[in-house]
Amino acid sequence: IIIDRRKEQNNLLVYRLPLKYSAFSSNYCNETLIYSSSSHLMYDNSKNLGYSSDSELPLYGAANDCAGKMFCLSFSLHAIDNIRIQFWMNGGGLRFWPHYMVDLWPKL
C-alpha cells in the first residue's frame, strides 16, 4: 500500500508490481527483500513520457530520496514470530522493530 501525496492529498495506491520485480525464489534471504524494497516500490508515471505500458516506466525504490518526500516501512512477514521491518527515509534504510511505533515515535 502506498500513499502518494505528490499531487493530491492522501492519494492511496494499492497495486502489485509485475512478477519480474515481486516474485522471489523459495530460498530467498533477507538481503533479497532489502534490495527489492530499495529498488522496486512504485512506478514514476508523473511525467507521462509516452511509455506503452506500466512495465516500461522507471521505478522508484526506497533508496531514492525523492527530495526528502519518501518514507517507507517495509514489512517482511516470515512467520508469526519472525517479522523483519526496514525503515527507509532520505534514501537510507535501517532495521526497525515494531515496538518503536508505540514506544519511540510518540516521543519524537
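Here are the numbers:
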quantity: PHE71 accessible area, assembled protein chains, probe 1.4 Å, Å²; calculated: 110 Å²
quantity: The range 64-108 - Rg over Rh from alpha carbon coordinates, Kirkwood radius; calculated: 1.03
quantity: Net lengthening on full extension, TYR28/CYS66 (0.36 nm per residue, minus Cα-Cα); calculated: 10.9 nm
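The values are calculated or read from the model by the stated rules, or taken from the named source; none is laboratory data. Keep in mind that this is a model prediction, so the values were computed, not measured. In case anyone asks, the SASA skips ligands and DNA or RNA and just uses the protein heavy atoms, side chains included. Shrake-Rupley method; radii C 1.70, N 1.55, O 1.52, S 1.80 Å.
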